[in-house]
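Rule-based calculations on the coordinates, nothing more; no lab input. These figures come from a predicted structure and were not determined experimentally. Counting neighbours? That spans all protein chains shown, and the Cβs are built from the backbone with ideal geometry, glycine included.
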Amino acid sequence: MNARIHLSAPDMSGTEERYLVNALRSGWVAPVGPDLDAFEVEIARRCGTAYAVGVSSGTAALHLALLALGVGPGQVVVVPTLTFAATANAVVYTGAEPVFVDCEPDTGNVDAGLVERAVAELRRDGRHVGAVVPVDLFGACADNRRLEALDVPLLEDAAEALGASRDGRPAGSFGRAAALSFNGNKIITTSGGGMLVTGDAALADRCRYLATQARQPVPHYEHVDVGYNYRLSNLLAAVGRAQLSRLDGMLARRRQLRERYAKTFAGVPGVRIVGESDHGSNCWLTVIAVEDRDAGWRAADLGAHLARHDIETRPVWKPMHRQPVYRGARAWLTGAADRLFATGLALPSGSQLTDAARQRVFDAIDEFL
Ligand SMILES: *Cc1c(COP(=O)(O)O)cnc(C)c1O
């Protein structure tokens, strides 16, 4: 009996086990310790930033960064409509209001020109735009350099993008700060975790302080702010360090898989790989878009076929402006995100997939085609 093939499962080895056991034996089981310190230094180096703060999730990193940028009630924050809900939810946690902007049809990344228009129109209406939060979708950087030129604080949601780059700069290095995720399905994982990266020492300090219950440095626990319990544990940081030491190999395997998908679908009418032209992508997820009129089948048909082979696929994120929880939020739309939602399918992309598992996926796709 073949095991189920997942979209992006954790890629663990003896290295993670060794790092974790060493951390456990070291006695640093509290949410601070040498592995957390080292993991922060190593991630900052990889992202080309001076500072990093390890936290309990990517969502927590987004939340803290928004707070540190001064985002709060009465403000609006510009978020792509095509993203995971965490990007918008973090805005709501601060008391600010998310507004949504549509994406580029080719990549699914936020349409930078439309962001510029949204910011201009919001200001014309007297709104305070607290931040713009582009998402590096499926592991390919958005046009962050162009968005940096806006005079609005930029927070890069790089949750999916560790190891990616654009314009010669690593994901995580854009804007005032960036958020990374080490959730179980991400490019590297600590089972759950995240990191805030930034070149701004004061911003990093503020986030570290807010992440540790906003404790003043006195023995009797003095508080002048409401803080959060958001720190990453030293044990999980040890797993993260092991994962990071293997990142390049994992990126290479995801890229190989992407290239094999590209070859498989080349010449299949109506099918393209979303963001295929972006060679700086970390290939976190390979997503195809299927125009049914040209293909003669729908993305969901391939999804159903693969499901019968116990192979997981998933539609593209349902756009935020379509989510009941964000009904009524202001949005700048072109129809591109709706189109990707209707036509997109994310395919198994994990670096842990064995050669035999990959072969099963491609045999099943060949059979369908
Ligand atoms: C995964 C993800 C997050 C949230 O990260 P968690 O670690 O799961 O909290 C935020 N934004 C995007 C785009 C993501 O894919």
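Cβ crowding within 10 Å ranks 362, 100 as 362, 100, fewest other Cβ atoms first. Restriction of the trypsin sites (Lys or Arg not before Pro) in region 34-124 to DSSP coil positions whose beta-carbon has at most 11 other beta-carbons within 10 angstrom yields no sites. Inter-part distance, region 255-271 to region 311-363, computed on C-alpha centroids, equals 17 Å.
Relative contact order of region 253-313: 27 percent, from C-alpha pairs under 8 Å at least 6 residues apart in sequence.
Using Cβ point charges alone (K and R +1, D and E -1), the dipole size of the chain about the Cα centre works out to roughly 340 debye. Label zone (residue 120, point 7 Å along Cα-to-C-beta; backbone nitrogen cut-off 19 Å) within region 296-333: 331-333. Look at the alpha carbon pairs under 8 Å that are at least 6 residues apart: their mean separation over the length of the chain gives a relative contact order of 24 percent. For the chain, what does the alpha-carbon gyration tensor say about shape, rounded, prolate or oblate, given a ≥ b ≥ c as the root eigenvalues, a/c under 1.5 as rounded, and a/b over b/c as prolate? Verdict is oblate for the chain.
The trypsin sites (Lys or Arg not before Pro) of region 270-331 meeting both criteria, a DSSP state outside H, G, I, E and B (loop) and at most 11 other C-beta atoms within 10 angstrom of the site's C-beta, are 327. Averaging the sequence gap over all C-alpha pairs within less than 8 Å and six or more residues apart, then dividing by the number of residues, gives region 9-162 a relative contact order of 19 percent.
Can you pull out the chymotrypsin sites (Phe, Trp or Tyr not before Pro) in region 212-271 that DSSP calls coil and that have at most 10 other Cβ atoms within 10 Å?
Qualifying residues, ordered by number: 221.
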